[in-house]
1. Which condition from (1) modelled with pLDDT of 90 or more; (2) open to solvent by 40 Å² or more (accessible area, probe 1.4 Å) is the one that GLN53 breaks?
2. Based on this model, can you work out whether ARG537 counts as open to solvent by 80 Å² or more (accessible area, probe 1.4 Å), over 23 Å from GLN594 (Cα atoms) and not aromatic (Phe, Trp, Tyr)?
3. Considering only residues of the range 508-532 that are closer than 18 Å to LYS496 by Cβ and of a type in the set (Val, Ile, Thr), which is surrounded by the most Cβ atoms within 10 Å (Cβ to Cβ)?
4. Which of the residues spanning the range 548-559 are assigned to a helix (DSSP H, G or I), of a type outside the set (D, E, K, R) and either buried (at least 18 other Cβ atoms within 10 Å of the Cβ) or without any contact (Cβ under 8 Å) to a residue 40 or more places away in the chain (or both)?
5. Within the range 455-479, take every residue that is in a loop (DSSP other than H, G, I, E, B) and in contact (Cβ under 8 Å) with a residue 60 or more places away in the chain and give me the one that is farthest from the chain's Cα centre (by Cα).
6. I'd like to check something: does the range 79-95 contain any residue that is under 25 Å from the mean Cα position of the chain (by Cα), buried (at least 16 other Cβ atoms within 10 Å of the Cβ) and assigned to a loop (DSSP other than H, G, I, E, B)?
7. The conditions are (1) open to solvent by 60 Å² or more (accessible area, probe 1.4 Å); (2) farther than 22 Å from THR238 by Cα; (3) at pLDDT below 90, and GLU160 fails exactly one of them. Which is it?
8. Quick check on my filter: what residues within the range 71-90 are out of contact with any Asp or Glu (no Cβ under 8 Å at 6 or more places or on another chain) and either without any contact (Cβ under 8 Å) to a residue 40 or more places away in the chain or among the small types (Gly, Ala, Ser) (or both)?
Amino acid sequence: MTNNDTVANGAVKKESSTSPLLEVKHLDVEFTTDTGHAVKAVQDSSFTVYPGQWVAIVGESGSGKSTSAMSVLGLLPGTGKVTGGSIKLHGEELVGKSQKDYEKLRGTEMGLVPQDPMSNLNPVWRIGTQVKEALTANNMDVSREKRSSLSKSLSNAEVELKKSDDELFISSAEREGLLAAAKKALEAAHVARLDQKMENFSETWVAGSQTRWLVAQDLVKAGLDDDTAWGIAKEHVTGSSMDDRISGLLSEAGLPEASTRARQFPHEFSGGMRQRALIAIGLASRPDLLIADEPTSALDVTVQKKILDHLRTLTDSLGTAVLFITHDLGLAAERAQHIVVMYHGRVVESGPSLEVLQHPQHPYTKRLVNAAPSLASQRIISAKQRGEDADELDKLMEHHAKGEDILERGEHIITVDHLTREFKLPRKKEMFKAVDDVSFSVKRGTTLAIVGESGSGKSTVANMVLRLLQPTSGTVTYEGEDISTFQGAKLLDFRKHVQPVFQNPYGSLDPMYSIYRSIEEPLRIHKIGDRKSRIARVRELLDMVELPESVMGRYPNELSGGQRQRIAIARAMALDPDVIIADEAVSALDVLVQDEVLRLLNDLQAERGLSYLFITHDLAVVRQIADEVVVMQNGRLVEHATTDEVFDHPQMQYTRDLLDAIPGGKLQLGLD
């Protein structure tokens, strides 16, 4: 770790005299089992975070990333305890502090943005109430800003910050008067482009967020002299109320119509909006260190990019350091200046982001670099730009995409024709079109991926292809026959040949069924074989998905996420289907497990000639598995082409936005 790392986007260059904000040395953490056995979750781990810096801790589930972060916060769950090492914040030792001491630090010195917003927001409290709790618990003065010493030194203001009253916020009661006074003064000064400047003030002068000195700075930049600018700012910016501050924080986190949103409940927010609310809460008390624990792992790549871009802007302006926990090395390298790689509770590698990415030293880091879909996609792009031949590209691509001529000659196994699905929304007269006139076909032995953000209609299409939903209009045909006409034995035969693999294997596997019973159930329903032959078939299927026979007697809660998804694939393969519809089948998995599942799907397709309809929001994954891509936006099909064509020559701006949002997509990879 060098002391002159440059903060991304060129924001800060640290001097050698800068002392660490957080210093973790030789950390050991243990948990005690029910039998009294001690399990070491973290061993001899060390890392450092400097003021204003982003440091990412990367590793698979169970590597000790979150445990290390929770140790810093003093929030180890259950029987967890720090058994060795040192954790220093601002040079002060935290190990051995009481919970009461930690409570004084949490919020004001250290903030947290947790992983799952739905389980970390109180479902019966309004969002505004939960932001207010963070402010009152930490005795925050809601009328004025609290900035770190680093952010003050970074400020490139054209007006000097003179005293604490200059950090008072605009209030909603004073805002209209402030805008009117500003307009009058600018008119008197005959300033050019007045309407444009007033529109900008209207957008940026947010009650509970913009301060007196920033208002004065804006007015000076607009063309007023220093005394006039400060006179207006002092008269009309005298401090915000609690409601103003709550709205200001939500607005800073990127929530539109913040005062309205503050009155809503968590269930009325989308996943991205809930995550923004947690960011507002985490930064409410202006901590020096923000710990972001997988803050965007469950979100669309475009939403993820917007949220992390906004978090970067906020933390840079406040001088807040970020300890960023993630399993995606591409995302870590794009966002952080320094990467710490953890494996089995130990730090196995650390260093500047690009150095770790381009020259990984530890075998585990090399596996992470090779497995990350975003980096795999970028390697292919880099290789093409270097003009490497087809043989070299084939080595990089696990899935060999079919050429356009082969796809054109291919036999259509599933055809979707002018498919539309409408839903009735509560308290709304008009029908909502979830899918609007979508047409495509899946060729035998190929993979067609449907890509789009949440709410684009991908899963609704998949459910209609599976005949779990009836279309409002349009048809789905399987081998030339309209599936809406299938009844009884014909429908059962269709179910045998078209099988689903859903996003959440824990939700799609019955927790009361053993693994054997879960895989054997479709064989029993379709009356295939006797008990002895079914046991043999389950063994064969487990071997196919590379799981030991011993898991037959276990239950879903005893397996990891990746193992559960393999069971879901084995169950889908039990009836020898022609088509598998995989709905976000790898989105919740660690990159290494994701890589294994994608390899398995590719191998099964090569061996058995399977056709896949692959639903995902992640274009990086598409590069590894698909022959054709359908891009959906707001229920409509906006682009349909081969995978290479979509990646190399995207036609629509929306597709380009999806490609731009791939984590690590702009990194230069000259890998060892």
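1. Checking GLN53 against (1) modelled with pLDDT of 90 or more; (2) open to solvent by 40 Å² or more (accessible area, probe 1.4 Å), the one that fails is (2).
2. No; evaluated as a whole, the condition is false for this residue.
3. Among those residues, the one meeting the criterion is ILE519.
4. Listed by number, the residues that qualify are SER550, VAL551, MET552, GLY553, PRO556.
5. Ranking the qualifying residues of the range 455-479, first place goes to GLU479.
6. No - not one qualifying residue is present in the range 79-95.
7. (2)
8. SER71, GLY74, LEU75, PRO77, GLY78
The values are calculated or read from the model by the stated rules, or taken from the named source; none is laboratory data. All of these numbers come straight from a predicted model, not from anything done at the bench. Note that we place each Cβ from the backbone using ideal geometry, even for glycine, and neighbour counts take in every protein chain shown. Side chains are part of the model used for accessible areas, which takes the heavy atoms of the whole protein and leaves out ligands, DNA and RNA. Shrake-Rupley method; radii C 1.70, N 1.55, O 1.52, S 1.80 Å.
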